[in-house]
Each structure stands twice: as C-alpha cells, then as structure tokens.
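Everything below concerns the one structure shown next.
The values are calculated or read from the model by the stated rules, or taken from the named source; none is laboratory data. Just so it is clear, the structure is predicted and the values come from calculations on it, not from any experiment. Here the Cβ positions follow ideal geometry from the backbone for every residue, glycine too, while neighbour counts run over all protein chains shown.
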C-alpha cells in the first residue's frame, strides 16, 4: 500500500508542471553570492527605462499560471543570485498552459 501512495505522489508531481499550473524558474549567469529578497528586486519593462548604470549578472526566467507569477518567479531567481534589478527582455507571454517571463538580471 505504501508503494502505491508513493507512486501516485510522484506521478502527480510529474504531471502538475505539464499542466501549466506550477511555478518554476531559473537563473543562468554569474551571481554575486549575496541573496536579495524578491520584494527588493526592482522590475523594469525595458532597458530604456532603467535610470543610472547597472551590471548584468545573467538571465532570469520564470513560469507561472499568470503573467505576474512568471515575473515574480524571475525576480525571485534574480534576487536569489544577488541581483536587485530585473529588466524584461520581452513582455510576459503565454506558452502552453501558463505564462513565461524572460529578463536580464542585474545589480544597480
């Protein structure tokens, strides 16, 4: 009976992200090593709107059930790697059953 319960749990975890209902994200680049809280990561619609200079750390991506969830996940992964500035490379877009965000992670 325990094997059946564990198997069903693993199966449900494997299916959930495929349905677009889960939150996920990633960071690719060189972080600073000092995490920043996601709430403290300032998000800009484009690089043209950033005031002052900034140093790019890498790319942060997020996925979620809404556009805001996707941006929040990208900000989380940016902050986790030391970024305090998230500059959207594109507007959040729908893909499959969810939304995706692609942004540059930077320090300012």
The range 65-102, subset under 9 Å from the mean Cα position of the chain (by Cα) and under 16 Å from residue 30 (Cβ atoms), residue surrounded by the fewest Cβ atoms within 10 Å (Cβ to Cβ): 77
So residue 50, is it surrounded by fewer than 19 Cβ atoms within 10 Å (Cβ to Cβ), at pLDDT 95 or above and in contact with a strand residue (DSSP E or B) (Cβ under 7 Å, 6 or more places away or on another chain): yes
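Which residues, counting only those in the range 1-29, are assigned to a loop (DSSP other than H, G, I, E, B), out of contact with any strand residue (DSSP E or B) (no Cβ under 6 Å at 6 or more places or on another chain) and either closer than 20 Å to residue 63 by Cβ or at pLDDT 50 or above (or both)?
19, 21, 22
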Check on residue 62, touching a strand residue (DSSP E or B) at 6+ places or on another chain (Cβ under 7 Å), part of a strand (DSSP E or B) and crowded, with 21+ Cβ neighbours inside 10 Å: yes
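Going by the structure shown, is residue 83 in contact with a strand residue (DSSP E or B) (Cβ under 9 Å, 6 or more places away or on another chain), modelled with pLDDT of 95 or more, more than 16 Å from residue 23 (Cα to Cα) and part of a strand (DSSP E or B)?
So residue 83 does not fit the description; no.
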Inter-residue pairs, beta-carbon under 8 Å, first over 13 Å from residue 81 (Cβ atoms) and in the range 22-41, second at pLDDT below 95 and not in a strand (DSSP E or B), 6+ apart: 22/16; 24/17
All positions within the range 30-47 that are at pLDDT 90 or above and either in a strand (DSSP E or B) or out of contact with any strand residue (DSSP E or B) (no Cβ under 7 Å at 6 or more places or on another chain) (or both): 34, 35, 36, 37, 38, 39, 40, 42, 43, 44
